[in-house]
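Below: one structure, written as structure tokens.
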Amino acid sequence: DRAGGVYATDTRAGLVFRLDSLNGTLMPFADPGGSGRPNGIDLAPDGRPLYVALGSAIGVIDLLDGTKTLLQFPPEVQPATIDGLYAYRSSLVAVQPGDSTGRAVVQYHLSEDRRSMLRADVLVRQLAPVEQPTTGVVVGDTLYFVANSQLQRYRRLYAADRRTLRTDLDPIHIMKVALTA
């Protein structure tokens, strides 16, 4: 943030933490609310608000007054689990690893007050090599993301005998997608 603080989610604890750059202290900052566990997180380009992925919801924490709300999805948009979440201009970009509709990367365009979504643009669908995509990074007007995290496949391979850590996974694919204004 503008004061040099860094925010991180703790999925198991269900909290957002803040690392104070002045004294190096990591402290619980907020319970973002909602029923999902926090995972993806990003700060709006203007430094306010902080967006937190909460399963298939998106929490909004106003850093000036501390209020917490949930973004309202348009009626025609079915929310899905979000792993990576990135603020980009007046939108949020979500990487959705387990979306039953086949969406892998969605750009949610926000209202002027940033409390609701105007529309959702599907940028990438879950088709090979995109399988259980996960985290990424926005560079300029492009999102780079892990297209095939293989987390569930890894879990199945390991669960087979619970003793042997298998490494016969597919090569990791990093994909990029242009973001829209």
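The values are calculated or read from the model by the stated rules, or taken from the named source; none is laboratory data. Note that the structure is a prediction, hence the values are computed from the model and not measured. All Cβ positions, even for glycine, are placed from backbone atoms using ideal geometry, and neighbour counts span all protein chains on display. To get the accessible areas, we keep the full protein, side chains included, count just its heavy atoms, and leave off ligands, DNA and RNA. Shrake-Rupley method; radii C 1.70, N 1.55, O 1.52, S 1.80 Å.
Please go through region 30-55 and pick out each residue that is of a type in the set (S, T, N, Q) and under 18 Å from G136 (Cα atoms).
As a first pass, look at region 30-55 and keep what is of a type in the set (S, T, N, Q): 35, 39.
The one that is of a type in the set (S, T, N, Q) and under 18 Å from G136 (Cα atoms): N39.
Could you go through region 39-47 and let me know if any residue there is crowded, with 20+ Cβ neighbours inside 10 Å, touching a residue at least 24 places away in the same chain (Cβ under 8 Å) and assigned to a loop (DSSP other than H, G, I, E, B).
Within region 39-47, none of the residues are crowded, with 20+ Cβ neighbours inside 10 Å, touching a residue at least 24 places away in the same chain (Cβ under 8 Å) and assigned to a loop (DSSP other than H, G, I, E, B).
Tally up the residues in region 124-137 that are buried (at least 17 other Cβ atoms within 10 Å of the Cβ) and in a strand (DSSP E or B), please.
2
I'd like the full set of residues that are open to solvent by 60 Å² or more (accessible area, probe 1.4 Å), of a type outside the set (D, E, K, R) and either out of contact with any strand residue (DSSP E or B) (no Cβ under 7 Å at 6 or more places or on another chain) or more than 15 Å from T67 (Cα to Cα) (or both), limited to region 21-38.
Across region 21-38, the qualifying residues are S21, L22, N23, L26, M27, P28, S35.
Give the residue, chosen from D141, D113, that is at pLDDT 90 or above, more than 16 Å from the chain's Cα centre (by Cα), of a type in the set (D, E, K, R) and farther than 19 Å from I172 by Cα. Spell out the reasoning first.
On the way: D113 fails: at pLDDT 90 or above.
None of the others qualify; the one that does is D141.
Within region 84-91, identify whether any single residue is buried (at least 16 other Cβ atoms within 10 Å of the Cβ) and within 12 Å of K176 (Cβ to Cβ), and answer yes or no.
no
Within region 116-138, can you find the residues that are farther than 24 Å from I172 by Cβ and modelled with pLDDT under 90?
S116
Among R18, R12, which is modelled with pLDDT under 90, open to solvent by 30 Å² or more (accessible area, probe 1.4 Å) and either charged (D, E, K, R) or in a strand (DSSP E or B) (or both)?
From the options R18, R12, the qualifying one is R12.
List the pairs whose first member sits in region 61-76 and is open to solvent by 60 Å² or more (accessible area, probe 1.4 Å), whose second member is in a strand (DSSP E or B) and of a type in the set (S, T, Y), and whose Cβ atoms are under 8 Å apart, counting only residues at least 6 apart or on separate chains?
Between residues of region 61-76 that are open to solvent by 60 Å² or more (accessible area, probe 1.4 Å) and residues that are in a strand (DSSP E or B) and of a type in the set (S, T, Y), the close pairs are Q72/S116.
Go through region 50-74 and give me each residue that's under 16 Å from Y86 (Cα atoms) and modelled with pLDDT under 90.
Within region 50-74, G55, S56 qualify.
Against the conditions (1) on the phi > 0 side of the Ramachandran plot; (2) at pLDDT 95 or above, where does A178 fall short? Just the number, please.
Answer for A178: the failing condition is (1).
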